[in-house]
Amino acid sequence: MKIEEKIGKLEEYLRNKKSILGFSAGSDSTLLAYILSKVSPESILVTINNNMMPKEFIEYTKTQAKKFNLKHKVINIDFLTHETFQNNTKERCYECRNLMYCNIQKLPEFNDYDYFIEGTNITDLLEDRPGILVLDKYNMISPLVECNITKEEVFQMIKYFNLEYSYDTTCLATRVKTNQQVNREKLTKIYKAEQFVRKNIDQENIRVRTDKNNATISVDEPLKILNEKLIKKLRDKLQELGYSKVFLDITGYEKTELTYKIDETGKYYHQLPYPIDIEKTYQNLKNKYDANTLLKIDDKISYEDIIIQENGKITINPTEKFIDKFNKILSCVKRKYYEK
């Protein structure tokens, strides 16, 4: 499907849907905000200021909302007053979304809107993101998933419309290794480190990840920055900020891509990093596609030549259209509830 056709599909899906959009001004929510401004201008953007984001975050969302001529609200919540975020446990991702969406639903005007939407795309479903489980709890819709739009297609649409977006909309706490304490001092140090790296390296994705008091710099193309003078400059600055050791991740910033392996029978498969809720996935497929070719047996679902297993393995007969077939059913896949 051509990108213009995908755009048309997304526009029709959102047309006249008076929506509340969780807005971060990243690529996904920027695209949705722009489409809403064209086809459902009565919608509103809502941003959570959780005190765990880069300093420029809130002002940038306000600027973008004005460009789209959409109403915009900011809700202030200090996540660092919550023990889950201080302790940085594996539940943080789930609790983060839960706290955000719960507070958005408390807005006095919430019931004036017909739909509560957010920016998960189909590629995000390949990753272990337990926060996605919160969407069902609050009856939220992910238009990019419903329209089978991948991350790559989001970027194509952003380029097509010549839209600006923020590269830096992820919570700074994601840079801290799980189960290591998060506090304001640590997040400030990460922020300053990333700002310095970004001033000296012209690449899109830049992260400074921390493990205890060590820092690892992750960029898109690390081999391009293997310059002795630059490396020393980065090391010296980060040590000045208080890091003991400074490392460079030479594998590069990891971008999620759908790939397949071949099993012992010659079939193609992809292993998702989470268990699948077979019953909910079956019902989604039944509602969306031809039930005559759909079969559920114990911990498996069979649909056409596709086998979906509870352990997250999805198998398809050898085909050049593996990615298209996989993405077609991925929008229906529901992961099992996050066990704390």
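The values are calculated or read from the model by the stated rules, or taken from the named source; none is laboratory data. All figures in this text were calculated on a predicted structure; none of them were measured in a lab. Glycine also receives a Cβ, built like all others from the backbone with ideal geometry; neighbour counts cover every protein chain displayed. For the accessible areas, the whole protein counts, side chains as well, though only heavy atoms, and no ligand, DNA or RNA atoms are used. Shrake-Rupley method; radii C 1.70, N 1.55, O 1.52, S 1.80 Å.
Summary of values
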read-out	value
Long-range neighbours under 7 Å by Cβ, at least six apart or interchain, first residue among the aromatic types (Phe, Trp, Tyr) within the range 258-271, second buried (at least 16 other Cβ atoms within 10 Å of the Cβ) and part of a loop (DSSP other than H, G, I, E, B)	Tyr268/Tyr260; Tyr269/Tyr260
Yes/no for Lys159 being of a type in the set (D, E, K, R), at pLDDT 95 or above and open to solvent by 40 Å² or more (accessible area, probe 1.4 Å)	yes
Filtered residues of the range 108-121 (kept if in contact with a Lys or Arg (Cβ under 9 Å, 6 or more places away or on another chain) and either of a type in the set (D, E, K, R) or over 27 Å from Ile149 (Cβ atoms) (or both))	Glu109, Asp112, Asp114, Glu118
Restricting the range 93-110 to residues that are among the aliphatic types (A, V, I, L, M) and buried (at least 17 other Cβ atoms within 10 Å of the Cβ), the residue that is farthest from Ser43 (Cα to Cα)	Leu99
Failed condition for Tyr253, given (1) touching a residue at least 40 places away in the same chain (Cβ under 8 Å); (2) more than 20 Å from Asn205 (Cβ to Cβ); (3) not acidic (Asp, Glu)	(2)
Subset of the range 45-55 (residues that are under 14 Å from Leu187 (Cβ atoms) and not aliphatic (A, V, I, L, M))	Asn49, Asn50, Asn51, Pro54, Lys55
Residue within the range 125-138 that is without any contact (Cβ under 8 Å) to a residue 40 or more places away in the chain, over 25 Å from Lys67 (Cα atoms), of a type outside the set (Ser, Thr, Tyr) and in contact with an Asp or Glu (Cβ under 8 Å, 6 or more places away or on another chain) present	yes
Exclusive hit being touching a strand residue (DSSP E or B) at 6+ places or on another chain (Cβ under 7 Å) and among the hydroxyl-bearing types (Ser, Thr, Tyr), set Tyr138, Tyr165, Tyr191, Tyr160	Tyr138
Unmet criterion (only one of (1) under 19 Å from Val154 (Cβ atoms); (2) touching an Asp or Glu at 6+ places or on another chain (Cβ under 9 Å); (3) open to solvent by 50 Å² or more (accessible area, probe 1.4 Å)) for Leu21	(3)
Close pairs from the range 1-18: first more than 11 Å from Ser40 (Cα to Cα), partner among the aliphatic types (A, V, I, L, M) and surrounded by 11 or more Cβ atoms within 10 Å (Cβ to Cβ), Cβ under 7 Å, at least 6 apart	Ile3/Met157; Lys6/Ile149; Ile7/Met157; Leu10/Ile35; Leu10/Ile149
Those residues of the range 62-92 which are open to solvent by less than 30 Å² (accessible area, probe 1.4 Å), touching a Phe, Trp or Tyr at 6+ places or on another chain (Cβ under 8 Å) and more than 12 Å from Thr47 (Cα to Cα), in sequence order	Phe68, Phe79, Phe85
Residue that is modelled with the lowest pLDDT [pool: residues in the range 38-50 that are crowded, with 19+ Cβ neighbours inside 10 Å and either polar (S, T, N, Q) or under 21 Å from Ile158 (Cα atoms) (or both)]	Asn50
Subset of the range 286-340 (residues that are among the basic types (Lys, Arg), out of contact with any helix residue (DSSP H, G or I) (no Cβ under 6 Å at 6 or more places or on another chain) and farther than 25 Å from Cys93 by Cα)	Lys286, Lys288, Lys300, Lys321, Lys325, Lys328
Extreme residue, most open to solvent (accessible area, probe 1.4 Å), among residues of the range 185-222 that are in a strand (DSSP E or B) and not polar (S, T, N, Q)	Arg209
Asp28 being among the charged types (D, E, K, R), open to solvent by less than 50 Å² (accessible area, probe 1.4 Å) and over 19 Å from the mean Cα position of the chain (by Cα)	no
Pair list, Cβ < 6 Å and 6+ apart or interchain, from the range 319-336 residues that are in a loop (DSSP other than H, G, I, E, B) to residues that are at pLDDT below 90 and not small (Gly, Ala, Ser)	Cys332/Lys288
Extreme residue, surrounded by the fewest Cβ atoms within 10 Å (Cβ to Cβ), among residues of the range 136-145 that are assigned to a helix (DSSP H, G or I) and out of contact with any Leu (no Cβ under 9 Å at 6 or more places or on another chain)	Asp136
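Yes or no, residue by residue, for (1) more than 15 Å from Ala193 (Cβ to Cβ); (2) of a type in the set (D, E, K, R):
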residue: Lys233; (1), (2): no, yes
residue: Leu238; (1), (2): no, no
residue: Ile250; (1), (2): yes, no
residue: Ile262; (1), (2): yes, no
residue: Thr265; (1), (2): yes, no
